[in-house]
Amino acid sequence: MHSGLLNLIVKEAKDLLRDPKVLVGMVLMPLLLFPIMGSAISISMQSAQEQARYVKICIMDLDERTLSQTLVEVLANNRNITVIPIEKRPLDEAVAETERLNGTALIILEQGFSQNLTAMNRGGVTAYALIKRLDVSESNKMSVLNSILRLASTAATALILEQAAPTADPSVVTNPISISYQTIYREKLVSMNPSAIIGIVISQGTTLPVIVMVIFIFAMQIAATSIAVEKEQRALETLLTLPVNRVSILGSKLIASAVIAGAGSVAYIIGFRYYMESFMTQLPPTVDLASLGLIPPPTYYVLLGLVIFIALTSALSIAILLAVFAEDVRGAQSLVGYLTIPILVPGLFLMFTDIATLPMAVQVVLYAIPFTYPVLSAQAGLSGDFNIMLISIAYLTIFTVVVLYFAGRVFATEKILTARFSLRRRR
Amino acid sequence: MYAVEAEDLTKSFGSVVALSGVNFKVDQREIYGLIGPNGAGKTTTLRIVATLIKPTSGTARILGNDVVRDASIVRGLISYLPEEAGAYKNISGIEYLNFMAGFYTKDQKEAGEMIQEASRISGLAERLRDKTKTYSKGMLRRLLLSRALMIRPKLAILDEPTGGLDVVHAHHIRNSIREYTKIHDVSVILSSHNMLEVEFLCDRVAMINAGKIVDEGTPDELKKKHGASNLEEAFVKVAHVA
């Protein structure tokens with residue numbers, strides 16, 4: 001009798017890889033998803049900057065004195081913003097003119113503006129914002145309006161100083177403190193605002209769990225559907241009467257699923273690396289993310305790939321086991337659907353919390369769930385803690401071996417054909 | 001030595017008794033039919049003979065090999081065609097046959113001969129190169145029957161071989177079974193609801209009802225014994241008496 005294992009693996013791999021759902025879901029999705037996400041972030045950032053450049057602000061001088069006229073001139077001559085002076089007219093006509101010019105806001109320098117400044121009082125300015133939509137791009141435009149108002153305030157200060165203290169440097173008076181950010185991250189000093197670094201880490205920390213959850217859930221549904229279809233169509237029944245060891249049948253399914261999982265993991269890592277690199281484009285060229293450990297070394301990707309591969313293999317084994325007990329394909333998909341809970345819960349916890357800060361009971365539950373480890377490893381590895389990654393690999397390997405042992409026992413008995421587990425209420 | 005020898009076979013699924021003391025013998029090169037209504041125990045009997053499930057009590061032997069103790073030897077002697085079975089949708093007919101041949105030989109030439117044989121039995125010709133998801137129900141059944149017979153098993157176990165097929169495909173399959181078994185010394189045990197088919201194919205028939213064999217004999221013997229013009233009439237009379 002031939003072992004037939006290789007024969008079974010080749011068939012399984014062919015059947016799975018030729019399934020468009022598997023190819024798209026497991027391989028193409030992570031390859032495309034990450035770069036698309038990275039590009040989306042880059043494009044939206046660039047787009048926001050572009051939008052700010054094309055924002056038009058109208059300005060009307062009701063005061064028409066030297067200081068107010070000088071202020072209008074200063075704002076209108078600024079190269080970074082488009083400020084359009086309009087003639088003095090009634091308010092409703094001024095607003096209409098702003099709308100006609102596709103302006104975002106109308107700034108009015110009130111009567112007495114110059115006189116108040118000369119007397120060291122505050123000059124009146126009214127800003128009319130023309131909100132067209134309630135979305136993010138409109139919000140960006142309003143922030144441009146605020147920037148212009150701040151610029152106006154700075155310019156007005158300079159005008160006051162010219163009169164009150166001609167020898168003083170207006171830029172020093174308006175901004176007397178010179179701030180130099182020095183951030184120490186993982187024992188390395190970098191001249192960078194700490195909020196920028198934290199922003200990157202938070203962004204990575206929330207993206208990883210989502211992607212891991214999506215891939216796991218998809219892979220388990222594929223494996224469960226595959227075995228359930230084979231059982232429903234009685235192809236499994238035929239296989240079990242062939243001169244081949246039943247453990248080989250299980251082994252071939254797991255190996256083929258693991259090959260698919262491996263391809264998925266490689267695609268995931270390639271896509272994720274591309275995604276990480278997209279952050280580089282958003283920062284000044286002087287910032288070296290790699291030196292801060294925010295662009296991880298190759299070891300990180302190798303270990304992360306291994307963690308995902310083993311976790312995915314155990315996930316697929318559980319999915320196959322559950323599907324074997326299901327009555328039909330829909331039943332298998334429903335049963336495996338319940339596994340989304342232990343996949344989603346650790347991901348959601350780790351997205352927003354450090355596991356060490358959680359109550360002990362919750363920590364124990366999370367550490368027991370194998371699907372906690374891909375996310376935990378990914379985050380720990382980014383912080384340079386490779387020990388967590390190694391512990392994850394050890395735990396996942398033990399868990400997977402136990403699952404495989406039970407799966408082997410089920411395949412060796414007639415339970416594989418006769419066992420039925422239904423989620424529907426028995427009548 | 002008998003191709004199949006079942007002694008006092010009993011099978012229970014929880015509180016449901018599917019088979020109760022079933023005894024029968026199938027000679028070598030014989031086509032033996034099991035007929036009976038749904039739930040009578042036909043498929044359970046075939047599944048025990050095919051080593052898929054174990055009897056609760058009693059024994060079944062294939063050419064002297066016990067289906068439980070010598071299951072791995074038995075699997076090398078038999079070929080099983082489940083009722084309404086399917087193939088793998090994303091592989092072609094020829095790939096499916098090649099995959100199945102791979103369990104019986106490592107020799108490419110021998111495997112090639114098996115596939116040629118299957119091609120002849122199925123009559124699918126060039127369509128064998130297409131993925132099985134493009135096959136009609138009849139074509140798929142022809143492919144699966146050819147797979148079951150191409151390895152020249154000592155015993156072919158066929159569960160409703162023509163179930164749900166149109167006249168043309170059913171005719172092709174019946175002729176293939178008859179021709180092939182006579183040429184290659186294959187024994188067959190099959191189940192069917194189609195009494196005409198059983199009468200046409202089987203050397204001997206067992207009538208099974210409520211998990212028990214209620215009568216057995218050649219189609220002519222059974223018709224004569226129950227004063228019936230065909231097996232269907234004979235079965236109805238036996239089933240009512242039982």
Single residue of B:Lys182, B:Lys154 found to be at pLDDT 90 or above, over 20 Å from B:Ala85 (Cα atoms) and either surrounded by fewer than 19 Cβ atoms within 10 Å (Cβ to Cβ) or not polar (S, T, N, Q) (or both)
B:Lys154
Looking at segment A:1-111, what helices (runs of 4 or more DSSP H) fall wholly within it and have at least 2 residues that are surrounded by 14 or more Cβ atoms within 10 Å (Cβ to Cβ), touching a residue at least 24 places away in the same chain (Cβ under 8 Å) and within 14 Å of chain B (Cβ to nearest Cβ)?
A:5-17
Working carefully through the options B:Ala210, B:Ala148, B:Ala228, B:Ala206, find the one that is out of contact with any Leu (no Cβ under 9 Å at 6 or more places or on another chain) and among the hydrophobic types (A, V, I, L, M, F, W, C).
B:Ala210
Would you confirm whether or not segment B:85-106 contains a residue that is more than 13 Å from chain A (Cβ to nearest Cβ) and assigned to a helix (DSSP H, G or I)?
yes
Checking A:Val403, A:Val336, A:Val364 in turn, the sole residue that is surrounded by fewer than 17 Cβ atoms within 10 Å (Cβ to Cβ) and out of contact with any strand residue (DSSP E or B) (no Cβ under 9 Å at 6 or more places or on another chain) turns out to be A:Val364
Counting only residues that are under 22 Å from A:Leu5 (Cβ atoms), under 22 Å from the mean Cα position of the chain (by Cα) and not basic (Lys, Arg), segment B:94-149 contains a total of 11
Out of everything in segment B:5-43 that is small (Gly, Ala, Ser) and in a strand (DSSP E or B), what residue ends up being nearest to B:Val198 (Cα to Cα)?
B:Gly33
Restricting to segment A:326-359, name every residue that is among the aromatic types (Phe, Trp, Tyr) and either part of a loop (DSSP other than H, G, I, E, B) or touching a Cys at 6+ places or on another chain (Cβ under 6 Å) (or both).
A:Tyr338
Residues being out of contact with any strand residue (DSSP E or B) (no Cβ under 8 Å at 6 or more places or on another chain), part of a helix (DSSP H, G or I) and either of a type in the set (Gly, Ala, Ser) or within 19 Å of B:Ala148 (Cα to Cα) (or both) - total across segment B:178-196
5
In segment B:44-76, which residues are part of a loop (DSSP other than H, G, I, E, B), within 14 Å of another protein chain (Cβ to nearest Cβ) and farther than 30 Å from B:Phe200 by Cβ?
B:Lys54, B:Pro55, B:Thr56, B:Val68, B:Asp70
Could you tell me whether any residue of segment B:35-43 is more than 10 Å from chain A (Cβ to nearest Cβ) and of a type in the set (Val, Ile, Thr)?
yes
Can you find a residue in segment A:414-421 that is among the β-branched types (Val, Ile, Thr), within 30 Å of A:Glu327 (Cβ to Cβ), away from chain B (no Cβ under 14 Å) and surrounded by 15 or more Cβ atoms within 10 Å (Cβ to Cβ)?
no
Only one residue in A:Tyr128, A:Tyr181 is in contact with a helix residue (DSSP H, G or I) (Cβ under 8 Å, 6 or more places away or on another chain), modelled with pLDDT of 80 or more and outside the structural domain of A:Glu64 (by TED's automatic domain parsing), so which one is that?
A:Tyr181
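Yes or no, residue by residue, for (1) within 30 Å of B:Gly76 (Cα to Cα); (2) assigned by TED's automatic domain parsing to the domain that holds A:Ala219:
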site	(1), (2)
A:Asp15	yes, yes
A:Leu32	no, yes
A:Pro85	no, no
A:Leu91	no, no
A:Glu99	no, no
Unique match (being part of a helix (DSSP H, G or I), crowded, with 16+ Cβ neighbours inside 10 Å and in the same structural domain as A:Leu62 (by TED's automatic domain parsing)) among A:Ser147, A:Ser114:
A:Ser114
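To keep it simple, each residue is scored yes or no on (1) surrounded by 15 or more Cβ atoms within 10 Å (Cβ to Cβ); (2) of a type in the set (Lys, Arg); (3) farther than 26 Å from B:Arg174 by Cα.
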{"residue": "B:Met1", "(1), (2), (3)": "no, no, yes"}
{"residue": "B:Glu5", "(1), (2), (3)": "yes, no, no"}
{"residue": "B:Gly14", "(1), (2), (3)": "no, no, yes"}
{"residue": "B:Ser20", "(1), (2), (3)": "yes, no, yes"}
{"residue": "B:Ala40", "(1), (2), (3)": "yes, no, no"}
{"residue": "B:Leu46", "(1), (2), (3)": "yes, no, no"}
{"residue": "B:Val49", "(1), (2), (3)": "yes, no, no"}
{"residue": "B:Pro55", "(1), (2), (3)": "yes, no, yes"}
{"residue": "B:Gly58", "(1), (2), (3)": "yes, no, yes"}
Can you name every residue in segment B:24-63 that is of a type in the set (A, V, I, L, M) and at positive phi?
B:Leu63
Restricting segment B:112-136 to residues that are surrounded by 20 or more Cβ atoms within 10 Å (Cβ to Cβ) and within 13 Å of another protein chain (Cβ to nearest Cβ), which is nearest to B:Asn90 (Cα to Cα)?
B:Thr132
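The values are calculated or read from the model by the stated rules, or taken from the named source; none is laboratory data. None of these values were measured; they are calculated from a predicted model. No Cβ is skipped: glycine too gets one built from the backbone with ideal geometry, and neighbour counts run over all protein chains shown.
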